[in-house]
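Peer 1: If you scroll down you'll find the structure; I have some questions about it.
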Amino acid sequence: MEDWREARTLEELYELIKGCRSCPLAETRTNLVLGSGDDNAEIMFVGEAPGYHEDRQGLPFVGPAGQFLDQLLRSIGLKRSQVYIANTLKCRPPENRDPLPEELAACTPYLFKQIEIIRPRIICTLGNHATKTLLRTSAGISQLHGKLIRKGGLAYVPLFHPAAALHKPPLKAVLIEDFQRLGEHLEAERVRWRNEERPVEEVPAEEEGQPEQMGLF
């Protein structure tokens, strides 16, 4: 098997794309950072891109933001090993700059393949870049955070990025509260998955570019 689209496991996917040269980031990376965690996770977290430490270790969220994420997970009774963590980009942009459109175009197909393999109940987009990339919305994280949003047959919960909360202490309390909401959303999704006997009907967004917001709040 040589086509990454045929991968059936995350390990197969990594082996097929670890030498990816689809964009110039291949020239500056140390390691391609696919992601880490449970292949069958109920919750998948998607950040923006690997940073310095992630690039060196080949793992996502290994710095202070990752430690804060671990604390947030514990607050709802979860461990890192029970979720899956990835980024929209698989390689670190130089100087941690914002992802470029061509880089996202090269990398997001890999991300959607990960989602296809994992089949999470909820995808948490961390920060504006991941939220706007996956939901294809112009709405910002300040408007969407903590809400359950259904789009394309998937359930999303946008959250502030843990790194942003570390730089702006007032966001810490917001993120802690949103994680409690996430725990409630997860319980509701578990019930929904158990009871579902017919396909979910998509509810169209009120206007193009604005995802339909559905949830407990």
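Bear in mind that the values in this text are calculations on the coordinates, not laboratory data. From a predicted model like this one, the values you see are computed outputs, not experimental measurements. FYI the Cβ positions are ideal-geometry reconstructions off the backbone, even for glycines, and counts take in every protein chain you see.
Peer 1: For segment 73-196, what class follows from the C-alpha gyration tensor (a ≥ b ≥ c being the square roots of its eigenvalues): rounded when a/c is under 1.5, otherwise prolate if a/b is larger than b/c, else oblate?
Peer 2: oblate
Peer 1: Placing +1 at every Lys and Arg Cβ and -1 at every Asp and Glu Cβ, with all other atoms neutral, what dipole size does the chain have around its Cα centre, in debye to the nearest 20?
Peer 2: The dipole magnitude comes to about 520 debye.
Peer 1: Sticking with this one: Based on alpha-carbon centroids, what's the gap between segment 144-182 and segment 25-43 in Å, whole number please?
Peer 2: Result: 21 Å between the Cα centres.
Peer 1: Next question, about the same structure. Say the dipole of the chain comes from +1 at the beta carbon of Lys and Arg and -1 at that of Asp and Glu; which of Ala163, Ser36, Leu100 then lies farthest toward its positive end?
Peer 2: So the residue furthest toward the plus end is Ala163.
Peer 1: Decide, for segment 126-187, between rounded, prolate and oblate: order the square roots of the alpha carbon gyration tensor eigenvalues as a ≥ b ≥ c, take rounded if a/c falls under 1.5, and otherwise choose prolate if a/b is larger than b/c, else oblate.
Peer 2: Oblate.
Peer 1: Kindly identify segment 92-155 as rounded, prolate or oblate by the Cα gyration tensor criterion: order the square roots of the eigenvalues as a ≥ b ≥ c, call it rounded if a/c is under 1.5, otherwise compare a/b with b/c, prolate if a/b is larger, else oblate.
Peer 2: In terms of gyration-tensor shape, oblate.
Peer 1: Show the residues, 5+ positions off or on another chain, whose built amide H is closer than 5 Å to the amide H of Asn87.
Peer 2: For Asn87, the qualifying residues are Gly47.
Peer 1: Mind computing the radius of gyration and Dmax over the alpha-carbon atoms of segment 41-117? Å is fine for both.
Peer 2: 12.9, 38
Peer 1: Given [x] -0.26, -0.51, -0.85; [y] -0.42, -0.73, -1.02; [z] -0.35, -0.61, -0.90 as candidate values of log10 I(q)/I(0) by the Debye sum over Cα atoms at q = 0.08, 0.11, 0.14 Å⁻¹, which corresponds to the one derived from the coordinates?
Peer 2: [x]
Peer 1: Counting each DSSP H run of 4 or more residues in the chain as -39500 (n - 2.57), what helix-only mean residue ellipticity at 222 nm follows after dividing by all residues, to the nearest 500 deg cm²/dmol?
Peer 2: Using -39500 (n - 2.57) per qualifying helix, the result is -12500 deg cm²/dmol.
Peer 1: Quickly work out the Glu177-to-Leu100 label distance, labels modelled 7 Å from Cα along the C-beta direction, and quote it in nm with one decimal.
Peer 2: 4.0 nm
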